[in-house]
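Working notes for the structure below.
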Amino acid sequence: MTTRQKPELLAPAGNLEKLKFAVHYGADAVYIGGRQFGLRSKAGNFTFEEMQEGVEFANKYGAKVYVATNIIAHNENLEGAHDYFKKLYEVGIAAVIVADPALIQACREAAPDLEIHISTQASIANWKTVEFWKNEGIPRVVLAREVSVAEIREMKEKVDIEIEAFIHGAMCISYSGRCVLSNHMTARDANRGGCAQSCRWKYDLFEDGTDGTVAVSDQSDEQYTMSSQDLSMVEHLPDLIEAGVDSLKIEGRMKSIHYVATVVNVYRKIIDTYFEDPENYQMDPEWVDEIWKAAQRSLTTAFYYDEPTEKDQLFGKPARIPKYDFAGLVLDYDEETQIATIQQRNNFGVGDEIEFFGPHFYHYKQTITELWDEDDEPIDRAKHAMMITKVKVDQPLKYYDMMRKEK
């Protein structure tokens, strides 16, 4: 076994709050979107002022910030590109993630010192394409989701370049960036940030010539036809590390802070545990259990080992998976009284079994026995959104620790 250098853990950040949680829970870098040229127009996205604040926060913890500028541009989308890339460089962005050659050229002209990574939207699936981008002076490529571990290993053996690969999150049913279902069905261009996720809709067949009320199928009403299960390499991460992947990427700029914190926390633990003793590394089932607390669909290894089959897609009613609500955010903890100040994010109250968790895979469960509002008045439940409460806790907590409960 050849021990590799510890790879970067790269996390999604749909807004400034998510960025801070991703970094705090162990991400080495985060990728965000600005107000232009990105593929997640509904993700919240960052102003230049927010980017600068995010960069300053990340840098304080030794982390980097990348910006996705990965649309497939039409003529009208090119306006303002030079000014945009120049501003990204000025606010301290470490790299941009680009798919369109016109935007690559604009970036090089406007901000020649701004690092460029080739997006997964470019569908890089072979070593000769990797070599092409290497010869173009590109330091990193983000691979297509459709490559195998064996193909990644061959790419690294033949081309000296940084490789970024996805390890967790939603899978596009088409080659990423090549689907036009959304364009056709909703007039929202998936390749310019407007994907309506038409593949996640429920479909059925109806008899031709009828009024469309009598379905051909007699199955349940949960008719998923094209919806993929989500990618998860939580049980197989050493395979990607040993193949030479330089950046392990989590998908999900539109996911919640609970999702981001949980998933980053797990993969941070796996990476650090592996590098403590690679020869004797063993996967801990607790890590898998933790991932399921944030999972939204069934999980698959997608293309990494075999061609996906119908077993890797969602048909009919999705498998039941444990669902947890993000219930509260720890704002403060008093060591003397053992009382934590909690900002409510979902309804909870006395008698509920809840779980606290934090960075470095810290977590424990307890039952809430005492609860007060911010004026120290006893209450039974925290019913109001974002209300400040105080909870008697069994173990010490820190700012940025989180509280969740099973639904």
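The values are calculated or read from the model by the stated rules, or taken from the named source; none is laboratory data. Note that the structure is a prediction, hence the values are computed from the model and not measured. Note that each Cβ is placed from the backbone with ideal geometry, even for glycine, and that neighbours are counted across all protein chains shown. These area figures cover heavy atoms from the full protein model, side chains too; ligands, DNA and RNA do not enter into them. Shrake-Rupley method; radii C 1.70, N 1.55, O 1.52, S 1.80 Å.
Would you mind working out the accessible area per residue for segment 243-357, using a 1.4 Å probe, and quoting it in Å²?
Per-residue value: 44 Å².
Quick check: at a probe of 1.4 Å, how many percent of the accessible area of the chain sits on carbon and sulfur atoms?
45
Give the range of the longest stretch in the chain that excludes all GluC sites (Glu not before Pro) found in loop regions by DSSP and having at most 13 other beta-carbon atoms within 10 Å.
With GluC sites (Glu not before Pro) excluded where exposed in loops, the chain gives 223-334 as its longest stretch.
Checking the table Lys6/Lys249; Lys323/Lys405; Lys18/Lys255; Lys134/Lys158 against a 18 Å threshold on Cα-Cα, which pairs fail?
The pairs that break the limit, which is 18 Å between Cα atoms, do not exist here.
With a probe of 1.4 Å, find how much accessible area segment 1-118 has per residue, and write the answer as a whole number in Å².
Computed with neighbouring chains in place, this is 44 Å² per residue.
With each pseudo-label sitting 7 Å past Cα toward Cβ, what's the Glu370-Leu331 distance in nm, one decimal?
2.0
Restricted to Cα positions, what overall size does the chain have along the principal axes? Three whole-Å values, descending.
Cα spread of the chain along its principal axes, largest to smallest: 64, 62, 49 Å.
Normalised radius of gyration for segment 245-391, please: alpha carbon Rg relative to 2.2 N^0.38 Å, two decimal places.
Cα Rg divided by the expected 2.2 N^0.38 Å: 1.29.
List the chymotrypsin sites (Phe, Trp or Tyr not before Pro) in segment 1-106 that DSSP assigns to loop (not H, G, I, E or B) and whose Cβ has at most 12 other Cβ atoms within 10 Å. Which are they?
Filter output for segment 1-106: Tyr61.
Can you report the principal axis dimensions of segment 235-315 using only the alpha carbons, biggest first, rounded to whole angstrom?
Principal-axis extents of segment 235-315 (Cα, largest first): 40, 32, 24 Å.
Which whole-Hz ³J(HN,Hα) couplings does segment 15-31 yield from phi under the Karplus relation 6.51 cos²θ - 1.76 cosθ + 1.60, θ = phi - 60°, glycine and proline marked x?
For segment 15-31, the Karplus curve yields 7, 5, 4, 5, 4, 5, 5, 4, 5, 5, 8, x, 6, 7, 7, 10, 10 Hz.
Within segment 287-386, list the trypsin sites (Lys or Arg not before Pro) lying in a DSSP loop whose Cβ has at most 16 other Cβ atoms in a 10 Å radius.
Loop-located and lightly packed - Arg320, Lys323, Lys383.
With point charges of +1 on the Cβ of Lys and Arg and -1 on the Cβ of Asp and Glu, referenced to the Cα centre of the chain, which listed residue (Ala170, Val260, Leu205) lies farthest in the positive direction of the dipole?
Value: Leu205.
For Thr301, what accessible area in Å² do you get when you roll a 1.4 Å probe over the heavy atoms of the protein chains, rounding to the nearest 10?
Solvent-accessible area, nearest 10 Å²: 40 Å².
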